[in-house]
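**Student:** Below are the structure tokens for one structure; questions will follow.
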Amino acid sequence: MAFVYGILAFILLFGSRIKTKKGSWHEDFLSLESTKAIQGFCAMTIILHHLSQRLTEQRLLFPFSQIGVLLVGVFFFFIRFWSD
């Protein structure tokens, strides 16, 4: 199950950049590309949330059993954010 955590970290950090200059900002932090990446991360963790509800004996999935409502809210926030 530690493999799952590695995959989630990869999905979350894929395409991220390190700040190169002092005082510089990431100008497109809420671009469609960035928010779709966040939605993809939320979708994967929501799937793990549903699996953790079915597999109660797996203690490695316990954190996902408590965070599902928050991730669904973030997912739908970004759908609403880009629907206008």
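Just so it is clear, none of the values below were taken in a lab; they were calculated from the coordinates. Computed from a predicted model, the values in this text were never measured in an experiment. Virtual Cβ from ideal backbone geometry, glycine too; neighbours counted across all protein chains shown.
**Student:** Going out from 0 in 10 Å bins, what whole percent of all Cα-Cα distances in region 29-80 drops into each bin?
**Tutor:** In order of increasing distance, the bins hold 27, 45, 22, 6 percent.
**Student:** Cut-off is 10 Å between beta-carbons; in what order do Leu48, Leu55 appear when sorted fewest neighbours first?
**Tutor:** Leu55, Leu48
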